[in-house]
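**Q** Dropping a structure here in structure tokens format, bear with me for questions.
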There are 2 protein chains.
Amino acid sequence: MKQPLNANLLSPLLVVLIGAVVDGRPNYMVVGYVAPFDFGKHIFFSLYKKRYTHQGIMENKTFSVNIPNELLLAEINICGSTSGRDVDKSTLFDTFYGGLKTAPMIRQCPIAIGCELHDTLDYGENVGIIGRVVKSYVDQKYLHDGNLDFREIRPIIWATGGDFNYYGLGNRVVRR
Amino acid sequence: MKQPLNANLLSPLLVVLIGAVVDGRPNYMVVGYVAPFDFGKHIFFSLYKKRYTHQGIMENKTFSVNIPNELLLAEINICGSTSGRDVDKSTLFDTFYGGLKTAPMIRQCPIAIGCELHDTLDYGENVGIIGRVVKSYVDQKYLHDGNLDFREIRPIIWATGGDFNYYGLGNRVVRR
């Protein structure tokens, strides 16, 4: 028997850290709803316009998507509970840059993706951000003949719908 | 040491089944890259324009997002490996409808979300689909005081980046 609800039940989803340069220094925010599309050439996510990160993305037209792991929980919680207006998050991680000099990426994250702003979608207080993927980076130690095993990366999966917990990746499910 | 790669590394992500009525009957396709946004009021995903499902979404301006679980692997594999042009997928599941009479939803999926087409984003062979969430449905047995525990739902998480495996949800990670 199905129960109709008005809650957001599209879950669980990957936790990422969005990086941007704001007021001249790297800043990182937590986002739990990001999707690649167009064969991985583009990335979609959304944020409040009032977010400090929004200012940086609009100014520099660049940002990064970083995939953290379970070892970075303390830092993720700081990024998720404070604004860069109040707290200098540039010292939380070692920042590196690829070709995009205003897309700060996190050395401690197993995966980091540099993006150029491609388009924005206006939804009132909220804005959809479409990025063009410029280059992706992964720690060499996770690469096995060019392939990844995400169990080693230990990404964090976030559940909504009144669950509101972080989860690790579970066992492989056999695709028959 | 970070290695630059051109692969899509934004992973792992939730596996869903997109439902649409095409040529008068329900059809379901597998998508592994969907994101809610605007406080869960909207949903973004993308698909090839040549997909059979695309035809149905454009005709009826409605679709559904269904979250399957590990018990539906055989059906998911049929949906992911065949086109509705060749195979009648309407008999794979028990279909139900909410207020939207052309957004077929899957009774066997723990969660189903009925959507109206709100906007499309043209990316050549690919199209971004933005849906407005009309109503979400969940099996009553998963609700505990109005909340969910996604471990009971057993959603499927799909890893790209050369992993290409399905995973279950793992242990809860303590948010300090």
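**Q** As a test of the formula, what do you get for the protein assembly as shown when each DSSP H run with n ≥ 4 contributes -39,500 (n - 2.57) and the sum is divided by the residue count, at 222 nm and rounded to the nearest 500 deg cm²/dmol?
**A** -3000 deg cm²/dmol
**Q** Report the label-to-label distance for A:Lys50 and A:Gln140 in nanometres (one decimal), using points 7 Å from each Cα along the Cα→Cβ vector.
**A** 4.6
**Q** Report, in listed order, any pair from A:Lys41/A:Lys61; A:Lys41/B:Lys41; A:Lys41/A:Lys135; A:Lys41/B:Lys49 with a Cα-Cα distance greater than 19 Å. Before the final figure, lay out the partial values.
**A** Numbers: A:Lys41/A:Lys61 17 Å; A:Lys41/B:Lys41 25 Å; A:Lys41/A:Lys135 10 Å; A:Lys41/B:Lys49 16 Å.
As for pairs spanning more than 19 Å Cα to Cα, those are A:Lys41/B:Lys41.
**Q** Can you compute the charge dipole magnitude of chain A about its Cα centre, using +1 on each Lys and Arg Cβ and -1 on each Asp and Glu Cβ, nothing else charged? Give it in debye, rounded to the nearest 20.
**A** Here the size comes out at about 320 debye.
**Q** Right, next: Would you kindly work out, in nm and rounded to one decimal, the distances from the label point of A:Leu143 to those of the same position in each other copy, ordered shortest first, with label points 7 Å along Cα-to-Cβ?
**A** 5.0
**Q** Choose one of B:Ile153, B:Pro26, B:Tyr123: the residue whose Cα lies farthest towards the positive end of the charge dipole of the stretch B:15-167 (beta-carbon charges +1 Lys, Arg; -1 Asp, Glu; about the Cα centre).
**A** Farthest towards the positive end: B:Pro26.
**Q** At most 13 other Cβ atoms within 10 Å and a DSSP loop assignment: could you name the chymotrypsin sites (Phe, Trp or Tyr not before Pro) in the stretch A:110-176 that fit? Mind showing how you got there, number by number?
**A** On the way: sites: A:Tyr123, A:Tyr137, A:Tyr142, A:Phe150, A:Trp158, A:Phe164, A:Tyr166, A:Tyr167; in loops: A:Phe164.
Within the stretch A:110-176, the qualifying chymotrypsin sites (Phe, Trp or Tyr not before Pro) (loop, at most 13 other Cβ atoms within 10 Å) are A:Phe164.
**Q** What lysines could a cross-link reach from B:Lys141, if we take a straight Cα to Cα line under 18 Å and drop same-chain neighbours fewer than 8 places away?
**A** A:Lys2
**Q** Counting Lys and Arg as +1 and Asp and Glu as -1, what is the net charge of the other residues whose Cβ lies under 14 Å from the Cβ of A:Ile130?
**A** On the way: positive: A:Lys41, A:Lys61, A:Arg132; negative: A:Asp38, A:Glu116, A:Asp119, A:Asp122, B:Asp119, B:Asp122.
Summing Lys/Arg as +1 and Asp/Glu as -1 gives -3.
**Q** Return the FRET efficiency for the residue pair A:Ile78, B:Arg25: r is the Cβ-Cβ distance, R0 is 35 Å, and the value is rounded to the nearest 0.05. Before the final figure, lay out the partial values.
**A** On the way: r = 51 Å, r/R0 = 1.46.
E(calc), rounded to 0.05, equals 0.10.
**Q** Count the net charge of all other residues whose Cβ sits under 12 Å from the Cβ of A:Gly99, scoring Lys and Arg as +1 and Asp and Glu as -1. Don't jump to the answer; show the numbers that get you there.
**A** Working: positive: A:Lys101, A:Lys135; negative: A:Glu116.
Summing Lys/Arg as +1 and Asp/Glu as -1 gives +1.
**Q** A further question on this structure: If one computes the Cα centroid of the stretch A:122-136 and of the stretch B:22-80, what distance in Å separates the two points?
**A** The two parts, judged by their Cα centres, are 22 Å apart.
**Q** Once you average over the residues of B:43-50, how many Cβ atoms of partner chains fall within 10 Å of each Cβ?
**A** Details: counts 4, 10, 4, 7, 1, 1, 0, 0.
Other-chain Cβ atoms within 10 Å of each residue's Cβ, averaged: 3.
**Q** Restricting attention to the stretch A:59-146, which trypsin sites (Lys or Arg not before Pro) occupy a DSSP loop and are surrounded by at most 16 other Cβ atoms within 10 Å?
**A** Within the stretch A:59-146, the qualifying trypsin sites (Lys or Arg not before Pro) (loop, at most 16 other Cβ atoms within 10 Å) are A:Lys61, A:Arg85, A:Lys101, A:Arg107.
**Q** Moving to a separate point now. Where the label is 7 Å out from Cα toward Cβ, how close does A:Lys50 come to the same position in every other copy, in nm, shortest first?
**A** Ordered by increasing distance: 4.7 nm.
**Q** Moving on. If R₀ is 41 angstrom, what is the calculated FRET efficiency for the pair B:Arg172 and B:Glu125, using the beta carbon separation as r and rounding to 0.05? List each step's numbers first, then the result.
**A** Details: r = 40 Å, r/R0 = 0.97.
Efficiency computed from Cβ-Cβ geometry: 0.55.
**Q** Moving on to the next point. Kirkwood Rh, Cα Rg: Rg to Rh for the stretch B:15-167?
**A** Numbers: Rg = 14.7 Å, Rh = 15.7 Å.
Ratio of gyration radius to Kirkwood radius for the stretch B:15-167: 0.94.
**Q** Determine, from the Cβ-Cβ distance of A:Leu71 and A:Lys41 and an R0 of 22 Å, the FRET efficiency 1/(1 + (r/R0)^6), rounded to the nearest 0.05. Before the final figure, lay out the partial values.
**A** Values: r = 30 Å, r/R0 = 1.36.
In this case the efficiency is close to 0.15.
**Q** If each label sits 7 angstrom from Cα along the C-beta direction, how far apart, in nm, is A:Ser81 from its counterparts in the other copies?
**A** Ordered by increasing distance: 4.7 nm.
No lab work stands behind these numbers, since they all come straight from the coordinates. Everything numeric in this text was worked out from a predicted model, so none of it was measured. Every residue, glycine as well, gets a Cβ built from its backbone with ideal geometry; the counts of neighbours run over all protein chains shown.
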